[in-house]
Amino acid sequence: MQVSSPATSRALTGWAIVLVAAVAGLAGAAAAGAAEQEAPLEPLVANPDNGQLLYAQQCARCHGADGRGGPMQEYEGIAPSLRPDDNPNIEVAYLDLVFSTGRMPPAGSPYDNRTREVVLDEQERADLVAWMADEFDIDGEIPEVAEGSAARGQQVWNANCSHCHGATGAGGVAGAGAWTPSVSDKSAQTIAEAIRVGPFQMPQFEAGQISDQEIADVVAFMDEVQVEADEQILGIPELNPVFASAFVFLLALAALFLIGVIGSRPRWFPTPPEDLRRERRADVPAGAQRRAPADRGES
Amino acid sequence: MTPLFALLFDSIDDRLRLRGAADKAVNKVFPHHWSFLLGEVALVSLGILVLTGTYLTFFYRGSSELVTYNGSLELYNGRMLPAAYESVMRLSYDVPGGLLFRRLHRGASHLFIAATVLHMLRILFTGAFRTPREFNYLIGIVLFTLALAEGFIGYSLPYDSLAGTGLRIAYSTALAVPLVGPQVAYWVFGGEFPTGDVIPRFYVLHVMLLPALLLGITGVHLFFLVRQRHTQFPRRGIDGHNFILGKPLWPAQFAETVTLSLWMFGLLAVAATVVPWSDVALSGPYVPGEVGNNAQPDWFMFWLDGMLRMLPAFEIDLPGVTISALFVAGLVLPGLVFGALIIYPWLEKRWYRLDGDWHVLQNPLDIPLRAGFGLGTFLAVLLMSAAATSDQLSRITGIPIETVLWFFRITTLFLPPLLGFALARWSRRRLDRRDLEVARRESTESQELHGVVAERV
């Protein structure tokens, strides 16, 4: 029963203002976000001394001061060795990859491979990689990524990557407690390293499967996704149906709000004529009968 | 009315004899309640869909033949694409207002189906389907089915990678029908998937046959609505079975509908600006065999997708027939839910031995069967729908997807019947309590009337 009073209509107007302000604020924040520019890259000079310090602070606890790994204290499992003579997977690109994606050092559980906070900044990463490469005799180098074509990259991406990382690189599930990380926000080096190294559950792609040029193309495609995302007001490049369903929910709520407001306007609601009222019981005195809600101060 | 118009109307009326019917329709009484506007939201969305959809057909090409895209989107410039996808790219990036219209169309389609669902729930739970409105209720179910079909086909037409995946699943579901499956699938899709026939056929269905049916049957739905009296919520002191209280179609209800339409245009325009409802440039054209992680249908098909995820991949080989999980999730289950929807009015009538006409709406808790069966089924569909989002839920919560699926399997199996029985029981108790109260009050009143005061022991 919608019987509106000045108070409720004031409240509804108030809510409408709040809604408009929220939308405007959202749009403003998105515009501000789009205006942010990335700082130009400067060549980094690695400082191995700082790297040693970082290793002692961040890594030695689980991987040991000598980098040979062993059973961990907080978590079940064994921290792998970081020396190439024990662990042939270890190379410079691998180290740089796990640091730049925040996989290591872990903010929480080391086994949770969803997107996470990156602990080391670029300088610290370079320092740590430089010190570890020297200390543990780790080979390899951080790959250089050339200019690529997004159009070719999309085809490479759809043929090799989207099965796990999704059509726009937003990430997804890989089963058995593993999740594929989002890719579009990662740097060119990180993407190239991941393709070549094949970290954790991800398969390794040799140059015969994805060439260096194709890696550059994939990177260009992921940049394109990022550009597209920045152009959108909400920063979402393309909706997957699950997020779309959340927006449908909001749209339906907005429609319900609309019909709630329109449906509670009293101006089109007539007062019931006297002869429509039902006498409930003949023997109940007239004063005892409750008044119809529509009678209440309508005009 | 100015004399000129009066003359015009009179001369029209002389020829067509419309005045009587028009006067009747104009004075049609509409009771006032916000939930009665849900159907209007659906109606207005349908209008917006027809308008925006017409604009889209000017540019869309219903074909999956490869053509070269030459346009302003660098990602595809000079590339060979399926014609449907190519025209969608041209619409989005080269046709003025094209992307806006596509988003409006998509947003309006979501709102259309959402409003239809809410309208249907309102009808179901308040008992507006009861005699003499059963037939209009069935028409409503037909409209809902058509809306779902339109939604699914519309989702397929851009022929992007997600759309192709949806078509693939529809094809496999058709294949899984026992006995006639392959024949039906080949007949609908024109051969083994992917075929060149499916997009042209679905295009014709989407813009011609289904809209014609949808609009025509909506006309019948509205005709019934006007011919029959509108239901109303109970009002204290008003005998709703014999009197109807509301505003006339002209001008009050008309003004309300126009107000609602204008606000809805605004709402959808804002939504289309902010939310990329229909952007598919990055997902790429459908290439058979390529499918991205997190592939779902649109939300109104989530329940079927969720069921497909929850059911183990079984196949039962009976002599001559194979029953597969795909068949159960894709056809048996929706058949059951729609079957329940269709028979429910008669079920309730038989259950409570009701006859006569009903014009006053009810609290669903006043009818234990409706409370239990209706809300139980609704919860089951909700849980099945939630299961379709299992991959995103797993990602957000950090719970392995297998555990998430087991959670939904168990809750979908046990929670809805539990809730159904609990609600039915509770509402029956509630009724008993109320009956008792009424009886007690009446006996006290009659004792007072007759001058007898019960002695308290």
Condition met for B:H206 (over 19 Å from B:S35 (Cβ atoms) and not in a helix (DSSP H, G or I)): no
Among residues of segment B:234-257, those that are facing chain A (nearest Cβ under 7 Å) and in a loop (DSSP other than H, G, I, E, B), counted: 6
Lone unmet requirement of (1) surrounded by 20 or more Cβ atoms within 10 Å (Cβ to Cβ); (2) facing chain A (nearest Cβ under 8 Å); (3) under 25 Å from the mean Cα position of the chain (by Cα) for B:T273: (1)
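Okay, residues lined up against (1) modelled with pLDDT of 95 or more; (2) buried (at least 18 other Cβ atoms within 10 Å of the Cβ):
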site: B:R19; (1), (2): no, no
site: B:A22; (1), (2): no, no
site: B:G47; (1), (2): yes, no
site: B:V50; (1), (2): yes, no
site: B:G53; (1), (2): yes, yes
site: B:F112; (1), (2): yes, yes
Every residue from segment B:39-90 that is within 13 Å of chain A (Cβ to nearest Cβ), farther than 17 Å from B:S156 by Cα and in a helix (DSSP H, G or I): B:G39, B:E40, B:V41, B:A42, B:L43, B:V44, B:S45, B:I48
Failed item, numbered, when B:R229 is tested on (1) within 10 Å of another protein chain (Cβ to nearest Cβ); (2) more than 30 Å from B:G164 (Cβ to Cβ): (1)
In segment B:281-294, the residues that are facing chain A (nearest Cβ under 7 Å) and either among the hydrophobic types (A, V, I, L, M, F, W, C) or without any contact (Cβ under 8 Å) to a residue 60 or more places away in the chain (or both): B:L282, B:V287, B:V291
Check on B:F112, in a helix (DSSP H, G or I) and aromatic (F, W, Y): yes
Residues located in segment B:395-446, provided they are basic (K, R), surrounded by fewer than 14 Cβ atoms within 10 Å (Cβ to Cβ) and either away from chain A (no Cβ under 14 Å) or under 29 Å from the mean Cα position of the chain (by Cα) (or both): B:R425, B:R429, B:R433, B:R434, B:R440
Condition met for A:A159 (more than 10 Å from chain B (Cβ to nearest Cβ), hydrophobic (A, V, I, L, M, F, W, C) and within 21 Å of B:E290 (Cβ to Cβ)): no
Condition broken by B:L333, with the remaining ones in (1) buried (at least 18 other Cβ atoms within 10 Å of the Cβ); (2) within 14 Å of chain A (Cβ to nearest Cβ); (3) part of a helix (DSSP H, G or I) satisfied: (2)
Residue selected from segment A:77-100 under the condition outside any loop (DSSP other than H, G, I, E, B) and in contact with a Ser or Thr (Cβ under 7 Å, 6 or more places away or on another chain), by the criterion nearest to A:A194 (Cα to Cα): A:L97
Conditions (1) in a helix (DSSP H, G or I); (2) more than 14 Å from every other protein chain (Cβ to nearest Cβ); (3) over 30 Å from B:G196 (Cβ atoms); (4) not basic (K, R): number failed by B:P312: (1)
Members of segment A:219-243 that are in contact with an Asp or Glu (Cβ under 8 Å, 6 or more places away or on another chain) and more than 7 Å from every other protein chain (Cβ to nearest Cβ): A:A220, A:Q226
Residue match in segment A:127-144 (condition: more than 30 Å from B:E402 (Cα to Cα), under 23 Å from the mean Cα position of the chain (by Cα), more than 13 Å from chain B (Cβ to nearest Cβ) and not acidic (D, E)): no
Hey, B:L215 surrounded by fewer than 18 Cβ atoms within 10 Å (Cβ to Cβ) and within 23 Å of B:D298 (Cα to Cα) or not: yes
Hits in segment B:354-394 (condition: assigned to a loop (DSSP other than H, G, I, E, B), under 20 Å from the mean Cα position of the chain (by Cα) and among the polar types (S, T, N, Q)): B:T389
Matching option when the condition is assigned to a loop (DSSP other than H, G, I, E, B) and either out of contact with any Asp or Glu (no Cβ under 7 Å at 6 or more places or on another chain) or in the same structural domain as A:F221 (by TED's automatic domain parsing) (or both), among A:V156, A:V183: A:V183
Residue that is touching a Phe, Trp or Tyr at 6+ places or on another chain (Cβ under 9 Å), touching a residue at least 12 places away in the same chain (Cβ under 8 Å) and not in a helix (DSSP H, G or I), where the choices are B:A128, B:A163, B:A170: B:A128
Of all residues in segment B:1-21 being of a type in the set (D, E, K, R) and assigned to a helix (DSSP H, G or I), the one that is nearest to the chain's Cα centre (by Cα): B:R19
Some residue of segment B:225-246 being at pLDDT below 95, within 20 Å of the chain's Cα centre (by Cα) and more than 23 Å from A:A16 (Cβ to Cβ): yes
A:E117 vs. criteria surrounded by fewer than 20 Cβ atoms within 10 Å (Cβ to Cβ), touching a residue at least 24 places away in the same chain (Cβ under 8 Å) and not assigned by TED's automatic domain parsing to the domain that holds A:K186: no
Any hit, segment B:204-216, residues being over 30 Å from A:T168 (Cα atoms) and at the interface with chain A (Cβ under 9 Å from one of its Cβ atoms): no
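The values are calculated or read from the model by the stated rules, or taken from the named source; none is laboratory data. Quantities reported herein were computed from a predicted structural model and do not represent experimental measurements. Heads up, the Cβs are rebuilt from the backbone with ideal geometry, glycines too, and the neighbour counts pull from every protein chain shown.
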